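Undergrad: Sharing a structure, written as structure tokens. Questions coming.
The values are calculated or read from the model by the stated rules, or taken from the named source; none is laboratory data. The structure displayed is predicted, hence computed values, not measured ones. When we count neighbours, we look across all protein chains shown, and the Cβ atoms used for this are built from the backbone with ideal geometry, even at glycine.
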Amino acid sequence: MTTVPHLPVMLDRVVALLSEAPDGVIVDATLGAAGHARAVIEARAERYGHAHLIGLDRDPMALELSADHLAVVRESAAVELVRARFDELPAVLDERGIPTIAGILLDLGISSMHVDIAERGFSYRQDAPLDMRMDPDLPVSAADIVNGWSTGELTRILRDYGEERFADRVARGIVAARPLHSTTALAEVVRDAIPAAARRRGGHPATRAFQALRIAVNDELAALDAVLPVAVERLAPGGVAVVLSYHSLEDRRVKQAFAAAATGCICPPGLPVCGCGRTPMAEPLVRRPERPDEEEIAANPRAASARLRAVRRLPGGHR
């Protein structure tokens, strides 16, 4: 297959965090082209003399590409690649009889293979059919949403998933221009629906609409809400969870989930003693979200919006 350039974001920091995790299984729940996975395997094989990685991805193209990239480390590591969305993590682990894991990585960014391969329909910069399905077997594409959903439904996802200020205007413009079947046609409609003064600020005017459609097609936020608490719960004591997010909707969820895991007593204020007995499940390894440095952003502009958060599992803690 044709490979695409892939620069894993904040690679050194991710490797440093996961290489410090205890001996055991590491899960890369968003495998992509396996840039992070390969480096993590190499670091853990050097430290422990062996490594065990389970890589999840819903995209068969990603699994094929990652298998090629991981071939060189299979002699020093056990590598299992599974076609699954990351919120299927509990089932994947249970099927293999794995109660706890040493670490997990969630890199929530859209990968190069999605953006750079025009026919996947993720980018407004290349003319292609409207698709945006990370799993090509999903029943609903971006074209189905653009051409079939009501003005109200479109307004909702543009506002909630794209944080689009002019969601209603854009939704009405889309409905009036139907049918729309190409990425560039949709981008033009979105641009024309946004006031001229607003077009000159904040990058390409179609960015937020394309983000909203991608999230809706792939049900990304529901999957993230489902996996975050499980990811921490399934960690062994000392285990590490690392998440890279790329917009506020993702980062807010990660922040809240990790804060909940690090929260102990939840008794009402004023009680003389704790009655709930709840103790923290995890401790933060990152107090504030870390960001790529200027050198990395210069080499990989797509890293500019990345935010890294990480926690470590504590013994015991609420389950």
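Rundown of residues vs (1) farther than 30 Å from Ala16 by Cα; (2) among the basic types (Lys, Arg); (3) out of contact with any helix residue (DSSP H, G or I) (no Cβ under 9 Å at 6 or more places or on another chain); (4) modelled with pLDDT under 95, yes/no style:
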residue: Leu186; (1), (2), (3), (4): yes, no, no, no
residue: Pro195; (1), (2), (3), (4): yes, no, no, yes
residue: Arg199; (1), (2), (3), (4): yes, yes, no, yes
residue: Ala216; (1), (2), (3), (4): yes, no, no, no
residue: Ala222; (1), (2), (3), (4): no, no, no, no
residue: Val227; (1), (2), (3), (4): no, no, no, no
residue: Gly238; (1), (2), (3), (4): no, no, yes, no
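Undergrad: Quick one: how many residues across segment 255-264 are within 30 Å of Gly202 (Cα to Cα) and in a loop (DSSP other than H, G, I, E, B)?
TA: 0
Undergrad: May I ask you to verify whether Tyr161 is in contact (Cβ under 8 Å) with a residue 60 or more places away in the chain and in contact with a His (Cβ under 9 Å, 6 or more places away or on another chain)?
TA: no
Undergrad: On to the next question. Kindly provide the set of residues from segment 85-111 that are surrounded by fewer than 19 Cβ atoms within 10 Å (Cβ to Cβ) and either assigned to a loop (DSSP other than H, G, I, E, B) or of a type in the set (Ser, Thr, Tyr) (or both), ordered by number.
TA: Arg96, Gly97, Ile98, Pro99, Thr100 - these are the residues of segment 85-111 that are surrounded by fewer than 19 Cβ atoms within 10 Å (Cβ to Cβ) and either assigned to a loop (DSSP other than H, G, I, E, B) or of a type in the set (Ser, Thr, Tyr) (or both).
Undergrad: Looking at segment 242-254, is at least one residue part of a helix (DSSP H, G or I), among the basic types (Lys, Arg) and either free of Cβ contacts under 8 Å to residues at least 24 places away in the same chain or over 22 Å from Val92 (Cα atoms) (or both)?
TA: yes
Undergrad: Moving to a separate point now. Being in contact (Cβ under 8 Å) with a residue 40 or more places away in the chain and assigned to a loop (DSSP other than H, G, I, E, B) is the filter here; which residues of segment 265-288 pass it?
TA: Once the filter is applied, which keeps residues that are in contact (Cβ under 8 Å) with a residue 40 or more places away in the chain and assigned to a loop (DSSP other than H, G, I, E, B), segment 265-288 yields Arg278, Met281, Leu285.
Undergrad: What is the number of the single condition among (1) part of a loop (DSSP other than H, G, I, E, B); (2) crowded, with 21+ Cβ neighbours inside 10 Å that Ile174 does not meet?
TA: (1)
Undergrad: Being assigned to a strand (DSSP E or B) and closer than 16 Å to Glu88 by Cα is the filter here; which residues of segment 192-240 pass it?
TA: Once the filter is applied, which keeps residues that are assigned to a strand (DSSP E or B) and closer than 16 Å to Glu88 by Cα, segment 192-240 yields only Leu235.
Undergrad: Also, quick follow-up: Which pairs have Cβ atoms under 6 Å, sit 6 or more apart or on different chains, and link a residue in segment 207-234 that is over 21 Å from Leu56 (Cα atoms) to one that is surrounded by fewer than 23 Cβ atoms within 10 Å (Cβ to Cβ) and modelled with pLDDT under 95?
TA: As it stands, the answer is Phe210/Tyr124, since those pairs meet every condition given.
Undergrad: Please go through segment 152-171 and give me each residue that is surrounded by 15 or more Cβ atoms within 10 Å (Cβ to Cβ) and either of a type in the set (S, T, N, Q) or not in a loop (DSSP other than H, G, I, E, B) (or both), ordered by number.
TA: Leu154, Thr155, Arg156, Ile157, Leu158, Arg159, Asp160, Ala167, Asp168, Arg169, Val170, Ala171
Undergrad: Here's another thing I want to ask about it. Kindly indicate whether any position in segment 119-130 is assigned to a strand (DSSP E or B), without any contact (Cβ under 8 Å) to a residue 60 or more places away in the chain and not assigned by TED's automatic domain parsing to the domain that holds Arg208.
TA: No, segment 119-130 contains no residue that is assigned to a strand (DSSP E or B), without any contact (Cβ under 8 Å) to a residue 60 or more places away in the chain and not assigned by TED's automatic domain parsing to the domain that holds Arg208.
Undergrad: Among the numbered criteria (1) surrounded by 17 or more Cβ atoms within 10 Å (Cβ to Cβ); (2) in contact with a Pro (Cβ under 8 Å, 6 or more places away or on another chain); (3) not in a strand (DSSP E or B), which single criterion is violated by Ala304?
TA: Checking Ala304 against (1) surrounded by 17 or more Cβ atoms within 10 Å (Cβ to Cβ); (2) in contact with a Pro (Cβ under 8 Å, 6 or more places away or on another chain); (3) not in a strand (DSSP E or B), the one that fails is (1).
Undergrad: Something else about it: Is it fair to say Val189 is among the β-branched types (Val, Ile, Thr), buried (at least 17 other Cβ atoms within 10 Å of the Cβ) and either assigned to a loop (DSSP other than H, G, I, E, B) or without any contact (Cβ under 8 Å) to a residue 24 or more places away in the chain (or both)?
TA: Criteria met by Val189.
Undergrad: Here's a follow-up. Evaluate the following for Pro136: is it surrounded by 15 or more Cβ atoms within 10 Å (Cβ to Cβ), within 30 Å of Gly203 (Cβ to Cβ) and modelled with pLDDT of 90 or more?
TA: Spelling it out, it is not the case that Pro136 is surrounded by 15 or more Cβ atoms within 10 Å (Cβ to Cβ), within 30 Å of Gly203 (Cβ to Cβ) and modelled with pLDDT of 90 or more.
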